[in-house]
1. Might you tell me the accessible area per residue for the chain, computed with a 1.4 Å probe and given in Å²?
2. Provide Rg over Rh for region 109-164; use the alpha carbon set for both Rg and the Kirkwood Rh (inverse mean inverse pair distance).
3. Over the chain, what per residue volume does the convex hull of the Cα atoms give, in whole Å³?
4. What share of Cα pairs, in percent, lie more than 11 angstrom apart in region 144-193?
5. Report ³J(HN,Hα) in whole Hz for each residue of region 69-80, in order, from the Karplus equation J = 6.51 cos²θ - 1.76 cosθ + 1.60 where θ = phi - 60°; Gly and Pro get x.
6. GNM on the chain, C-alpha springs below 10 Å: top fluctuator among GLU232, GLU194, GLU285?
7. Tell me, what ³J(HN,Hα) does each residue in region 289-303 have, in order and in whole Hz, if you take phi through Karplus 6.51 cos²θ - 1.76 cosθ + 1.60 with θ = phi - 60° and put x for Gly and Pro?
8. Show me, for region 181-186, the HN-Hα J-couplings you get by feeding each phi into the Karplus relation (A = 6.51, B = -1.76, C = 1.60, θ = phi - 60°), rounded to Hz, glycine and proline as x.
Amino acid sequence: MDTMKKKLLWGAFVIALVIAASGYGIHEEIKEDELKIGVSLYIEDDAFVNSIVSSMQTQAMLYEQKVDKKVMLNIACADGSQRQQNKQIEKYIALQYDVICVNLVDRTNAATLIDQVKAADIPLIFFNREPVKEDIFRQEDVYYVGTDSKETAKKQGQAVAELYEKYADIMDKNKDGVLQYVILEGEMGHQDTELRCEYVLQTLAEAGIALEKLDTDTADWLYTPAEAIMEEWAREFGNDIELVLSNNDEMALGAIDALKQANISAAVFGIDATPAGKEAVRKGEMWATVDCDAEQQGKTLLDMATALIENKITEKEGIKEGRYIRVPVTALISENIK
Ligand code: BGC
């Protein structure tokens, strides 16, 4: 096909997409001198993901001042539907966004989306929900920003080990030398769920801590289901629960409230360091969390996006295998354990 025909076809495709996109609640004029960054989130009310987004918004404002150009950071939510997310991405393509940042609904199914964005020659940055490696390497200009899930789990395990050494008398309530535990798991199929569960237990085993599993269940990262699960466990296991390993802070907070209601004391450990999580650690209600630095993740995302727009991505340091940026994580341990 000659270039002219290709251009005409592409133009027709874009017009068709703009028309299609207008049904998805986004009506925008294309302004030439504006930088346009499109974001699509898997759901609207994920506490940790929202902290990343608010950091992106702050960074976008700072960048606007620096380059004296308007940055349009459009945030759309997919309500847990991959179909809806694909539509949002089509809309960003149609409106000729400069960079698209995706918090995937279904992390195992990114190939079509990647090919679509590539066909429009727009750089793509995934974050927090990591596509499989084959997908990341399918096309040029596809990146991932997140944390090292294994490292995060190890930090949680090390925090448990450190506090067990100090507070064995409080943690091992029945004095049998074994910690009876439950695990609150994130969404099935999420890279963080699988790796956090596996490596926290491995770290505890390596530290020589004897453990006995009472139960595990998934609360999909959320407070309310976690609270309900813990209410059930409190009825079933009562005071036998000594240790609660939660894949994130929101679920840990749900567990803490259910334990309070049931008048059971147990050592609860989270991950993320959301504002509410940090507050619970400060009060000694959560024994420790792992700070996954949402602020730095948001900063990194905006920084990568603007580097891609300015064609300076090759100057960026710390990009592993040319595609991955993983922000460092640190344990945040309570100093108020009673
Ligand atoms: C966070 C969770 C969050 C999930 C969403 C995880 O990395 O720890 O809090 O709900 O990502 O994808």
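1. 47
2. 1.23
3. Values: hull volume 47.9 nm³, N = 338.
Once divided by residue count, the hull of the chain is 142 Å³.
4. 75
5. Along region 69-80, the couplings run 9, 6, 10, 9, 9, 9, 10, 10, 10, 9, 6, x Hz.
6. Fluctuation is largest for GLU232.
7. 9, 10, 6, 8, 6, 4, 4, 5, 5, x, 4, 4, 4, 5, 5
8. 10, 10, 10, 9, 9, x
The values are calculated or read from the model by the stated rules, or taken from the named source; none is laboratory data. Owing to the predicted nature of the structure, the values given are computational and were not obtained by experimental measurement. Calculation scope for accessible area: heavy atoms of the full protein, side chains included, ligands and nucleic acids excluded. Shrake-Rupley method; radii C 1.70, N 1.55, O 1.52, S 1.80 Å.
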